[in-house]
1. Given the criteria among the small types (G, A, S), in a loop (DSSP other than H, G, I, E, B), open to solvent by less than 50 Å² (accessible area, probe 1.4 Å) and more than 19 Å from G124 (Cα to Cα), does S367 qualify?
2. For region 99-115, how many residues are over 23 Å from F330 (Cα atoms), part of a loop (DSSP other than H, G, I, E, B) and either open to solvent by less than 10 Å² (accessible area, probe 1.4 Å) or at pLDDT below 95 (or both)?
3. Scan region 177-196 residue by residue and report those that are in contact with an Asp or Glu (Cβ under 9 Å, 6 or more places away or on another chain) and either on the phi > 0 side of the Ramachandran plot or in a helix (DSSP H, G or I) (or both).
4. Exactly one condition in (1) surrounded by fewer than 23 Cβ atoms within 10 Å (Cβ to Cβ); (2) outside any strand (DSSP E or B); (3) out of contact with any Leu (no Cβ under 8 Å at 6 or more places or on another chain); (4) not aromatic (F, W, Y) is not met by E352; state its number.
5. Can you work out which of the residues in region 370-416 that are among the small types (G, A, S) and part of a helix (DSSP H, G or I) is surrounded by the most Cβ atoms within 10 Å (Cβ to Cβ)?
6. What's the number of the condition S212 fails, among (1) within 16 Å of F275 (Cα to Cα); (2) under 16 Å from the mean Cα position of the chain (by Cα)?
7. Would you mind telling me which numbered condition in (1) among the aliphatic types (A, V, I, L, M); (2) open to solvent by less than 20 Å² (accessible area, probe 1.4 Å); (3) in a loop (DSSP other than H, G, I, E, B); (4) over 21 Å from A164 (Cα atoms) V74 fails?
8. Quick one: in region 201-215, of everything that is under 11 Å from A299 (Cα atoms) and part of a loop (DSSP other than H, G, I, E, B), which residue is least open to solvent (accessible area, probe 1.4 Å)?
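The values are calculated or read from the model by the stated rules, or taken from the named source; none is laboratory data. Remember, predicted model here, so these are calculated numbers, not experimental data. All Cβ positions, even for glycine, are placed from backbone atoms using ideal geometry, and neighbour counts span all protein chains on display. The protein model used for the area step is the full one, side chains on, heavy atoms only, and it has no ligands, DNA or RNA in it. Shrake-Rupley method; radii C 1.70, N 1.55, O 1.52, S 1.80 Å.
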Amino acid sequence: MSVAPQPVTVILKQGQVTGLQSEAVTQFLGLRYAQAPTGALRFAPPQALGPQPPFDATQAGPVCPQLPSRLRTVMGDFDDAQDEDCLRLSIWTPGCDQRKRPVVVWLHGGAWQSGGGALAWYDGTRLAAGGDCVVVGVNYRLAALGWLYVPGETANVGLLDEEAAVRWVVDNIAHFGGDPANIIMMGQSAGGFNIAAMLAREPLFNRAILQSASLGRGFRDPAQAAHLSHVFLQATGAQTVDEARALPVTSLLAAQQAPSVMAALKEEGANRSLFCPVGDAEFFSLPLGPLMQHAATRADVLLGYTRDEMTAFPGNVRDLASQQLGEKIFGAPSRQWAHDAHAAGRQAWVFEFAYGPNPVFGACHCSELPFVFGNLETFDGAAMLQGMTAKHGARLVEQMQSAWIAFIHGRTPGWLPSPAVHIFE
């Protein structure tokens, strides 16, 4: 007979928080790691929390306001609450004790425009329970709210959100059974690229898992980013950033689809998202090429890509051209990152996820996610998994979680290091 979840209260510097203990893990949902980035704080760097009233952490917090994902026809959709008060994180832990477990901090993908660390897809229960580790899922600001680039304003505030979340983890995770000196960053797609960018700054970690990190896209040039942001602000009707701070968030979302904005993005010809990290000279010590090569030497890594990355994106079919594009954006840069890390004395393991039960999409972008988290049921009906048998799915979950958990605990994932590539199929 299952036992009803019981409340668990933890006292932090910011105040008292209450989560729920189930048979598998104790979870704390929707915890603020920074002030709400609203009003005058819209587009501003995240601000540290002061003392907070007692907080009920039994319900998921909102994700950043966003338009529907362009990948929803492939991986499914979600209807979680959205609000600008989104600088929240969720924690799944085997126990709020003194065990000092490794801590996995998860940064979701979504092309810097969509997604959230609190989504059911990324529920950390199974990974935390099966791996005796603490899992932390982070929400960060998306699209214009996180990545608007206006000269004179702070660049890449979405990345600063993530760094603030890591600092919060370092300061607080011991209360949740985690070791603040043993943080493993894990991210997919945009989240993976953001981890690489954090390694180019002053990281509070030296181990990382990068899944389909779009390393081949690199940073957007500041001049081009400023141009796109200028066109975007014009589409909102605002003349200045201060005016844009006063707009309803729906106006910002609508402006992403304005014809003038779409035209400017198409004119760029880079086949990339409207908003993404910018290679700002004040934010990064340029030049970026050598800087990112150095970033690869600062962490032990488990990283990889899917065999048919591009088939998840609209306008791509499963053919040689799309495979070559996926190799250019995801495959070759991931192997180069591993090579640079290995050459510097770091541990580096590379994988390729090649299981694609639906022949239309194959092993497309995001297709490894259900198996890493073990949450196959939350992807029920996802087109990318059509044709999968329960037996094959369970086997892949066991294989991938075993490898990830081994790396999380400082062991080999079970295959030779770079330049070897392990294939999951």
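1. no
2. Residues that pass the stated criteria total 1.
3. G177, G191, N194, I195
4. Going through the list (1) surrounded by fewer than 23 Cβ atoms within 10 Å (Cβ to Cβ); (2) outside any strand (DSSP E or B); (3) out of contact with any Leu (no Cβ under 8 Å at 6 or more places or on another chain); (4) not aromatic (F, W, Y), E352 breaks only (2).
5. A403
6. (1)
7. In the conditions (1) among the aliphatic types (A, V, I, L, M); (2) open to solvent by less than 20 Å² (accessible area, probe 1.4 Å); (3) in a loop (DSSP other than H, G, I, E, B); (4) over 21 Å from A164 (Cα atoms), V74 misses (3) alone.
8. Residue satisfying both the conditions and the ranking: F205.
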